Amino acid sequence: MALKLAIDLTDSFEKIPVQIFSTPKEGSKFVASEIKKLILETQGQGKNCVLGLATGSTPISMYAELVRMHKEEGLSFKNVITFNLDEYYPIERAAFQSYWSFMHRHLFNHIDIDKNNIHIPNGELGKEEVKKYCQHYDQLIESMGGIDLQVLGIGNNGHIGFNEPGSSIFSKTRITSLDNSTRVANSFEFQNISQVPRMAITMGISTIMKAKKVLLMAWGMKAPIVLKSVEGHVTEQIPASILQQHNDCTFILDETAANELTRIKSPWLTGECEWTPLMIKRAVVNMALKLQKPVLSLTTHDYNESGLSDLLVEKGDAYEINLQVYYMLRDTITGWPGGKPNAIIPAHPERSSPHPKRCLIFSPHPDDDIISMGGTFMRLQDQGHEVHVAYQTSGNIAVTDEFVTRFLDFAVGFEEMFGIDNNTSKEILNESKKFLATKKLNERDTSEIRSIKGLIRRCEAKATCRYVGLKDESMHFQNLPFYETGTVEKKPLSEEDIQITIQLLNEIKPHQIFCAGDLADPHGTHKVCLDIVFESIKRIKAAGKGWINDCYVWMYKGAWQEWDIAEIDMAIPMSPDQVMKKRYGIFIHQSQKDMVPFQGSDAREFWQRAEERNSNTANQFANLGLTKYAAMEAFVRWHF
């Protein structure tokens, strides 16, 4: 009976069916398997299979799985007819960022689909042609019997296709203006936001709703909008919420995109739950923050009003629970990220010995170390630990062209100043100027320019390490191959990436590893870097290397997010002076200051993001009744 109650309550919160997978890859495989099932079913019936397809980073893994199924399992697409959701307008089909190019790059060029069965909105048409073209697009879909399965992603503002907030439920395929937040979010595909088209051709909501079946995929940082779409009211201000009215729609989520759903964030509200210490901590912290009360001030009335009466029944007095949670929060705070030497503190996040420790910080880009954990980085160095930094990628695509000519000018002038033959550097400067003067939108840089951009970032990273106090031999530039494409789009991680990382880990044998554990990086580099570290650690453990058993792995968040306060295992407080010292360390990365390419959806500079995030973490601890610090950096331990 209790199980039935839990199901009923969950259904009452989630108004759209949801399936949650451990990783985006697993979710992508599921969607691909559903498409395969439909293709085979229609082939058996001698019918065509009409698919509605989406673009963006979300479905890339799904398309890769379909390609694999075609090549390894013989899945044929000869009976498949496709209609894409949208396309930028205006844009040339040959442009790298066009969705026509995207679809051919990721799917159509690798399968046996009839090219006449591919339909993608045409962004090259004149405005006077678009209206009639859009009407024809809808008519063509209807003439094919409608869409059998529509694949969707979701924007941070709830858009589906390019149906922005306010789009009518009755809208059909049309030309539409892009919301500024959408243009900012998509700017990672372009050099900067000014190059992102302001309009698009998109299927309308009415067109989407006519599909027989809808699968919407969402990964990573989409959790807030997923919650509103699945559990909120139907509103045209959140177009995805209209899918609540579709009779066969399912949201396919990874664990991160699902973490705001009531059944995940507040499972006690959906029925019975197991009251583990972590669950108690999460429930009480969320309640205290919502009520804006310190943990020790929470009352029995607060518990009952917040749906936590079952916790009181199981654990007893409210104040005893308050104390338990308060101590858990208190024990995460430490000024000794490497462990306090010669001290026995049973609840301390880190071990006291050995001291000093060998510490290895993995930095996906050449500035993530100082941006994300600069205070902790300096603390470890100041407290006598042997600190190493591994810069996993060159970060060369995030350097503007202007920096190239600036530094080449310096090189030419330097050699001239000291009587060094500068003919070669002059030649490189002139060739670079010539190339950059005629460089097309999103054209890949020459290998020389990419190398120069990488050198600029490497020098900035070295300067930061020296600022903290590290010696040159403690700086490791891995230049992992998956990153070195010269474009935003990266290669999948490879065995070479893993072997490079395993070699470094076995060389240093760290007692502590710090790595970027967030998945919100707009171009996905952090996720690949994290996967490489995790896979390397698993292999080292499987190989029986003894040192790994005495190693703690701490994950920090990047510039875009912070850990939920209830998840934090170690919080490092910072004084006002330490905040300023960290800021100056970030300033060393001059190529990333002011406006940088691929800014993501946050217009603030990196130092601003870091300070506001660290200050907010400290304020949340203070609001919960803990000591008020100027700032805090937070970490979650990964148990392997």
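Observations
- Computed from point charges on the beta carbon alone (+1 for Lys and Arg, -1 for Asp and Glu), the dipole magnitude for the chain about its Cα centre is near 140 Debye.
- Think of the chain as having a plus end and a minus end, set by charges on the Cβ of Lys, Arg, Asp and Glu; of 94, 271, 27, 94 sits farthest toward the positive end of this dipole.
- Among the chymotrypsin sites (Phe, Trp or Tyr not before Pro) in segment 168-231, those located in a DSSP loop and surrounded by at most 10 other Cβ atoms within 10 Å of their own Cβ are 170.
- Sorting 347-354, 537-544 by average packing, meaning the other beta carbons within 10 Å per residue, from highest down gives 347-354, 537-544.
- At most 15 other Cβ within 10 Å, DSSP loop - trypsin sites (Lys or Arg not before Pro), segment 87-152: 93
- Lysines with Cα under 16 Å of residue 172, excluding same-chain neighbours fewer than 8 positions away: 131, 132, 210
- If you sort the three axes of the alpha carbon gyration tensor as a ≥ b ≥ c, you get a/c of 1.5 or more for segment 341-479 and a/b above b/c, which makes it prolate.
- Rounded to the nearest 20, the Cβ-based charge dipole of segment 302-400 about its Cα centre (Lys and Arg +1, Asp and Glu -1) stands at 600 debye.
- Relative contact order computed over the chain (Cα-Cα under 8 Å; 6+ residues apart), in percent: 13
- For the chain, calculated [θ]222 nm from helices alone, where every DSSP H run of n ≥ 4 adds -39500 (n - 2.57): -13000 deg cm²/dmol
- At least 15 Å along the helix axis (C-alpha) and Kyte average at least -1.0, DSSP helices within the chain: 2-13, 24-44, 60-73, 277-291, 318-330, 368-382, 401-417, 423-437, 447-468, 495-508, 525-542, 576-587
- Pairs with C-alpha atoms separated by more than 19 Å, drawn from the list 29/71; 29/78; 37/71; 78/115; 36/212, are 29/78.
- Among the trypsin sites (Lys or Arg not before Pro) in segment 8-76, those placed in a DSSP loop whose Cβ has at most 16 other Cβ atoms within 10 Å are 47.
- Of the residues 294, 532, 319, the one whose Cα sits farthest toward the positive end of the charge dipole of the chain, with +1 on the Cβ of Lys and Arg and -1 on the Cβ of Asp and Glu, is 532.
Taken together, the values in this text are just the output of simple stated rules run on the coordinates, not laboratory data. Please read all numbers here as calculations on a predicted model, not as lab measurements. No Cβ is skipped: glycine too gets one built from the backbone with ideal geometry, and neighbour counts run over all protein chains shown.
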